[in-house]
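Peer 1: Have a look at this one.
The values are calculated or read from the model by the stated rules, or taken from the named source; none is laboratory data. Quantities reported herein were computed from a predicted structural model and do not represent experimental measurements. Ideal geometry is used to build each Cβ from the backbone, glycine not excepted, and the neighbour counts take in all protein chains shown.
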Amino acid sequence: MSIRVRFAPSPTGPLHVGGVRTALYNYLFAKKHGGVFILRVEDTDQNRFVEGAENYITKALDWLGISPDESPTMPGTGGPYRQSERKEGYLKHAELLVKNGCAYLAFDTADELKDLREEAEQQGGRFVYNWENRGVLKNSLSLEAEEVATLIKNKTPYVIRFKSYSRGDDGSLSMTDKIRGDVVVDTSLLDDKILVKQDGMPSYHLANVVDDHLMEISHVIRGEEWLPSMALHVLLYKAFGWKTPIFAHVPLILKPNGKGKLSKRDGDKFGFPVFPLEWDKETPGFKEAGYLPEGLINYLALLGWNPGGEEELFSLKELASLFSLEDITKAGGRFDPERCKWFNQQHLHKADSTLVEAALDQLLQQKGIDNTSVSTADVVRLVQDRLTLLTDLWDEAYFFFVAPVKYDEKAARRQWKEETPQILSAIMNCIENAPDAKAETLSAGIKLWASENNIKLGVIMAPLRIALVGALKGPSVFAVCGVLGKSECVRRIAAAIDKI
Ligand code: GLU
């Protein structure tokens, strides 16, 4: 079987982590089996259409490194990839179902249906358009053929509904979901869903099934919120006489407190990003918050899927080679922002240093620092392992490029003793006279001076760090000295002696 999967978002806004993970599982499954990963934009609902959303989705998938093989911008053989460009086909298919008796035209007006709904509610029930009442409602099954012809001729608006169940049918529909296992649904409980709306636009259900068939989708991997639609979709495949794809409904991503589905608004509420990229100025994404796509991908992949074994850190390629639908968990996964950060940290430490250097170069440019003699590569070598997010970079690196103008008051008060200026003057000499500015050379020189003068190293290190960095932070002092170079060290120590 050739493997073809699709991610089918509706362009109603930015893609959130739930959607990202669905896309990721589709991508991993396709890569694992040498299949095709398709992006299909389900944009038939004009009321919910949001300008820019499709572009956002494409950019987000590109940033994550899980770009589709076929999409609106990368057409293949299965196109077009926007449902708005496939409109004619849907109506034709719905008409086929009308012809073969699986669907019918319904002329009931919105007001009539509203009255029926209210009436049912007053009696403590719920109005459902289905096999029990379709015979007495206004549709092509209940009306005479002539009457129907007249209504059509008079351009009376109608919808096309699917006949989900008919009296006397065996209503027990057995289906299999790759993740949930066997699912049995009593189809007599289903309503007659609308396939084509009054404006001639297809409903989600019709367009989705028709497209999955025409695009030869082998596996439908999607969010669990679509599990209740599975029975209708299977019935539609049967009605068309088509082969049903394999379904896999992926469990939800839950809020950090485990109470309900993670929503788009939870980012604000819990203070972490939920979108891959910035959507607008008020909604930064994981990228802007300093995450690497590799970290986010690794975290999301394991949130609901378990490859077994102890190892947790995987590249996208490794994930693809291990992925299987069978190992997706049934239970929802709680989004844990701290764990997500941890994955990012691990990937950031492993990342190619040139990536961090480029980020640092960009920061220096933004800050207008262009006359530095300090090498960004040297700085990155020292700080990369201290980062959790890429946005930590400036905080870990600024002092290599900006000499302290003030000193951490509390630290200076504690560490700066009467004899400190004298000791630091001597250290300044050690540095100045060292044969070179390598960290090991400076370290050896300073240690030698300390032992010769019977001064504990501890008395030197903290004030030296304050003089160089302005605070008690940063990597090893000798390493900092080495990167700053002799003359900058001397300048900073002299300034500190002068100012503190
Ligand atoms: N357009 C649907 C959504 O936004 C697609 C569901 C499916 O994958 O079938 O989630």
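Peer 1: Please count how many residues of the range 211-231 are surrounded by 18 or more Cβ atoms within 10 Å (Cβ to Cβ), within 22 Å of Gly76 (Cβ to Cβ), within 13 Å of the ligand (Cβ to nearest atom) and not charged (D, E, K, R).
Peer 2: 5
Peer 1: So, Ser10, is that one within 14 Å of the ligand (Cβ to nearest atom), of a type in the set (Ser, Thr, Tyr) and part of a loop (DSSP other than H, G, I, E, B) or not?
Peer 2: Here the answer is yes, as Ser10 does meet what is asked.
Peer 1: Check Val41, Val50 and return the single one that is touching a Gly at 6+ places or on another chain (Cβ under 6 Å), closer than 28 Å to Val196 by Cβ and among the aliphatic types (A, V, I, L, M).
Peer 2: That would be Val50, the only listed residue that is touching a Gly at 6+ places or on another chain (Cβ under 6 Å), closer than 28 Å to Val196 by Cβ and among the aliphatic types (A, V, I, L, M).
Peer 1: Next up: For Leu64, are the conditions met, namely being more than 11 Å from the ligand (Cβ to nearest atom), within 25 Å of Leu252 (Cβ to Cβ) and either out of contact with any Asp or Glu (no Cβ under 7 Å at 6 or more places or on another chain) or among the polar types (S, T, N, Q) (or both)?
Peer 2: Yes; evaluated as a whole, the condition is true for this residue.
Peer 1: Still on this structure: Would you check which residues across the range 232-258 are more than 14 Å from the ligand (Cβ to nearest atom), of a type outside the set (Phe, Trp, Tyr) and touching a helix residue (DSSP H, G or I) at 6+ places or on another chain (Cβ under 8 Å) and list them?
Peer 2: Passing the criteria: Leu235, Ala239, Lys243, Pro251, Lys255, Pro256.
Peer 1: Please go through (1) of a type in the set (Asp, Glu); (2) within 16 Å of the ligand (Cβ to nearest atom); (3) part of a helix (DSSP H, G or I); (4) closer than 27 Å to Lys99 by Cβ for Glu146 and return the number of the only condition it doesn't satisfy.
Peer 2: (2)
Peer 1: Let me ask another. Can you name the number of the only condition in (1) assigned to a loop (DSSP other than H, G, I, E, B); (2) at pLDDT 95 or above; (3) more than 9 Å from the ligand (Cβ to nearest atom) that Val50 fails?
Peer 2: (2)
Peer 1: Condition first: touching a Lys or Arg at 6+ places or on another chain (Cβ under 6 Å) and not in a loop (DSSP other than H, G, I, E, B). Can you find one or more residues in the range 279-291 that meet it?
Peer 2: The answer is no, given that none of the residues of the range 279-291 is touching a Lys or Arg at 6+ places or on another chain (Cβ under 6 Å) and not in a loop (DSSP other than H, G, I, E, B).
This table checks each residue for (1) under 27 Å from Ser315 (Cβ atoms); (2) acidic (Asp, Glu); (3) in contact with a strand residue (DSSP E or B) (Cβ under 6 Å, 6 or more places away or on another chain).
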| residue | (1), (2), (3) |
| --- | --- |
| Phe29 | yes, no, yes |
| Lys32 | yes, no, no |
| Val41 | no, no, yes |
| Glu70 | yes, yes, yes |
| Gly76 | yes, no, yes |
| Gly79 | no, no, no |
| Lys99 | no, no, no |
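Peer 1: For the range 285-311, enumerate the residues that are surrounded by fewer than 19 Cβ atoms within 10 Å (Cβ to Cβ) and of a type in the set (D, E, K, R).
Peer 2: Glu288, Glu310, Glu311
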